[in-house]
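The next block holds one structure in the form of structure tokens; read it before the comments.
The values are calculated or read from the model by the stated rules, or taken from the named source; none is laboratory data. Predicted model only: the values in this text are computed from it and were never measured. Note that each Cβ is placed from the backbone with ideal geometry, even for glycine, and that neighbours are counted across all protein chains shown. The accessibility values were calculated without ligands, DNA or RNA, using every heavy atom of the protein model including side chains. Shrake-Rupley method; radii C 1.70, N 1.55, O 1.52, S 1.80 Å.
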Amino acid sequence: MPSRKQAPLPKRFQDWFATKGWEPHAHQMEMLQAARENHSSLLIAPTGGGKTLAGFLPSLVELADNQKPFLHSIYISPLKALAADIQRNLAAPIADMQLPITIEMRTGDTPASRKQRQFKKPPHILLTTPESLELILSHAEATGLMQNLQRVIIDEVHSLAPGKRGHLTALCVARLRSMRPELQVFGLSATVAEPENLASWLHEDTRIIHAKTQAVPNIRLLKGDKVPWSGYMSAYAVEDIYISIQKARNSIVFVNTRAQAEFLFQKLWEANSDSLPIALHHGSLDKQHRLNVEAKMAEGKLRAVVATASLDMGLDWGAVDLVIQVGAPKGISRLLQRIGRSNHRLDEPSDAVLVPCNRFEMIECMAVMDAIADGEIDGEPLRQGSLDVLAQFIMNCACAGQFSSEELYRQLIKAHPYRYLTQDIFDRVVRFVADGGYSLKAYDRFHRIEQNEEGLWHATPMAIRRHRMNTGTIVEYETLRVSMRRTGSRRKTDLGRIEEYFVQGLSPGDTFIFAGRMLSYKGVHEMTVEVEPAKGSKPKIPSFKGGRLPLSISLADRVRHLMHDEGEWEHLPPLIRSWLSLQRKRSALPGEDRLLTESFPDEKLEYLVIYSFAGRNANQTLGLLLTQQMEMQGLLPLGFVATDYAVGFWGLKPVDDSETLIKAALTQENSEEWVESSQMARRVFREIAVISGLVERGNPGKRKTGKQVTMSTDLIYDVLRKYEPDHILLTATRQEVNEKLSDIERLQTLVAGITIEHHNLDRISPLAVPLLLEIGIERIKGKGESALLDSATLDRKGDGLLKKAAA
């Protein structure tokens, strides 16, 4: 592509860069040029490459000589914390250059008075989230507010685009384009697997701008001479993690789940002989606690933070010089995003340590290091727009004023996820928003919009209020606030929120770890969990539903390749090499052109293991389908356990023909029948019912518990399946379940195209040892359970199992 002649920066900006000792990056100037040529842009720039300034530079330049209050740019962030960080970072150049530019945030935490004022006297740049932008568009005043809007900047667009929040964002932008046809859309991202697809998601005329490649990151593995067989809590590595924190100036210790964060933080404090300032950060903690941690880290007052994905994106802490990833990262791009928090500059390599929690994770860590060295990037695929999000947004448009179904359809199909939406499906969604559908329209509470004599739709006043209380696409498990009162004190401290299901399993006096503290449970009063400080022994650790991160397909393929190719083993720790060598001697290793399965007896039970490498979600579903098939064939299954790498079953009869069993379980007819009646379908419908507005979590003066929402949605699900099987929400449920089962479809393709290699062994195989030690076993109720007389325990030590396998 021929280079475009770029206009220079205004002198005020040139002088500012000079006083900082900087030169504008080429990609920053390209973004400015794209804006001048009225192009939308996708900027792909590594962490520390001035991505934020590049996204805002055109707006700052255009507003430099402005004296009028009007909304010029909207910045959309996936995280409120990231928006707050952006506001802090932009304040410096605006103050330094004395620019007459106002910047404000608008999130769920913004006071109502400020929200009202922003309609009348808006800032020049508004920082917000997808949910808050949708609520702005639910007001009639939005049209006037947007009349001079020039640009929308979407940060971490690779994270937003694939999911429902991305669908909502795309609909909001399409609605804005109907008001401002010349609107520019900027997307900012550090890691993009398929730039062309993401550019099309932003707008049909999007320019892709690549920044200079960052220095190759320095990634090393924690010594692997004592990595355990199984588990996810990293207890074996606490001392080494602490030593790494001691040696670094500032560290972020990333984990994959909130439970891991609570556990590791507690263990690091026990090991903290030097009283280093170490903090905890995850999404369930009290907001003020999280803000305090972020501020102290920015000021350099902390040596380390133990964090989940709550700190994955965007926060600019230049002093961080080490990232420690505890647990396999489950994705190449995810690890790149996290280690980019270290040495936050283009010309310096990021420094990272990987800490696998078990032997399979050790291989995965080696595989992801190879992938990064090869320059490979993975990512989630873009999906068709969700109908429940569409229903919510149609209701949102009705709150803002009257609309024509035909006109709104023409507006919203310009959103990339909905570009193939038919008028018929759209009209069915509108009818659902109007009265709930044929089976539900007799109930007044499902009537939300009405049609006038001119055929225009408008919302009822009560429905508007209920919609604004319940809008959003994040359907979290019901949580309760945790409040601590110290002995002898009346003062209470809010620690955060914890899942309702976990609290239901507690009895007064039970101890558990939360917010990095040992707490004793007292009881629940008015939706608040009351606790007090405790010492206790063997505390419980909340598992926080939402769970573990999914293993990406490309990384799973690399793990299988590494295990199969002995020539790649030279960099593996001796412990892992000997384990794989013994597996090859006793059975076989998973291959790239075959699916390995094994069956063997152990302690009066018969086992079947399938090494699919399809990810935990797919293996969980495969486990449910196969146990159903095993029950039908009289094999008396008792349970199964699923990991990212394999699924293992145990029962009372041996499986001699795994190929027939697997193919029967994966037939289209069997999977569809199972899906319709499964708990997965019910869970999916529950979320769809909430997002679409069919069932409301909150009403004026009260809020439903998770149990109440479940009861309501399960009842409606059964009614619709019986009386209206073509209801639009059931269509949406099938669509979403099929997406969740996409890895099963991949397995169906795999099984159809390669050999299933079955090994009938006389004892457990080395590769199966970690699987049998896994926790979280699914119990299967059926004939096998009733026939069991003397069940064996599964808590035997891995080394003993390996000796048995090697005998």
Quiz item: Of all residues in the range 490-511, which are modelled with pLDDT under 80 and either open to solvent by less than 20 Å² (accessible area, probe 1.4 Å) or part of a helix (DSSP H, G or I) (or both)?
Solution: Gly496, Ile498, Glu499, Glu500, Tyr501, Phe502, Val503, Leu506
Exercise. Enumerate the pairs (first residue in the range 400-426 and closer than 21 Å to Thr460 by Cβ; second residue anywhere and among the aromatic types (Phe, Trp, Tyr) and at pLDDT below 95) with beta-carbon separation below 8 Å, excluding pairs fewer than 6 apart on the same chain, so at least 6 apart or on different chains.
Key: none
Self-check item: Hey, Arg558 closer than 22 Å to Arg220 by Cβ, touching a residue at least 60 places away in the same chain (Cβ under 8 Å), open to solvent by 10 Å² or more (accessible area, probe 1.4 Å) and not in a loop (DSSP other than H, G, I, E, B) or not
Solution: yes
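Just checking, does the range 113-124 include any residue being farther than 24 Å from Leu42 by Cβ, part of a strand (DSSP E or B) and without any contact (Cβ under 8 Å) to a residue 40 or more places away in the chain? I'd like the intermediate steps shown before the answer.
Initial filter on the range 113-124 (farther than 24 Å from Leu42 by Cβ): 113-123.
If we keep only those that are part of a strand (DSSP E or B) as well, we get none.
Within the range 113-124 (the criterion being farther than 24 Å from Leu42 by Cβ, part of a strand (DSSP E or B) and without any contact (Cβ under 8 Å) to a residue 40 or more places away in the chain), the answer is no, since none of the residues qualifies.
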Self-check item: Residue, modelled with the lowest pLDDT, within the range 277-297, restricted to residues that are surrounded by fewer than 16 Cβ atoms within 10 Å (Cβ to Cβ) and in contact with a helix residue (DSSP H, G or I) (Cβ under 9 Å, 6 or more places away or on another chain)
Solution: Lys287
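Just to be sure before I move on: is Val368 within 30 Å of Leu575 (Cβ to Cβ) and open to solvent by less than 10 Å² (accessible area, probe 1.4 Å) in the structure I sent?
On the way: within 30 Å of Leu575 (Cβ to Cβ): yes; open to solvent by less than 10 Å² (accessible area, probe 1.4 Å): yes.
Against the criterion (within 30 Å of Leu575 (Cβ to Cβ) and open to solvent by less than 10 Å² (accessible area, probe 1.4 Å)), Val368 qualifies.
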Quiz item: Limited to the range 20-32, what total is found for residues that are assigned to a loop (DSSP other than H, G, I, E, B) and without any contact (Cβ under 8 Å) to a residue 12 or more places away in the chain?
Solution: 3
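Can you work out which of the residues in the range 689-709 that are part of a loop (DSSP other than H, G, I, E, B) and modelled with pLDDT under 90 is most open to solvent (accessible area, probe 1.4 Å)? Steps first, please.
Taking the range 689-709 and keeping what is part of a loop (DSSP other than H, G, I, E, B), we get 693-697, 700-701, 704-705.
Retained after the next criterion (residues that are modelled with pLDDT under 90): 695-697, 700-701, 704-705.
On the way: Val695: 5, Glu696: 31, Arg697: 35, Pro700: 53, Gly701: 91, Lys704: 52, Thr705: 29 Å².
The residue in question is Gly701.
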Quiz item: When you scan the range 233-253, how many residues do you find that are touching a helix residue (DSSP H, G or I) at 6+ places or on another chain (Cβ under 8 Å) and either open to solvent by 30 Å² or more (accessible area, probe 1.4 Å) or aliphatic (A, V, I, L, M) (or both)?
Solution: 8
Quiz item: Within the range 379-396, is there a residue that is under 22 Å from the mean Cα position of the chain (by Cα), in a helix (DSSP H, G or I) and closer than 21 Å to Val253 by Cα?
Solution: no
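Taking helices (runs of 4 or more DSSP H) that do not extend beyond the range 710-806, which have at least 1 residues that are modelled with pLDDT of 90 or more and more than 17 Å from Glu598 (Cβ to Cβ)? Before the answer, list the steps.
Working: elements: 728-740, 742-753, 769-772, 783-787, 798-806.
The helices (runs of 4 or more DSSP H) meeting that bar are 728-740.
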Self-check item: Count of residues meeting criterion [open to solvent by less than 60 Å² (accessible area, probe 1.4 Å) and not aromatic (Phe, Trp, Tyr)] in the range 442-470
Solution: 13
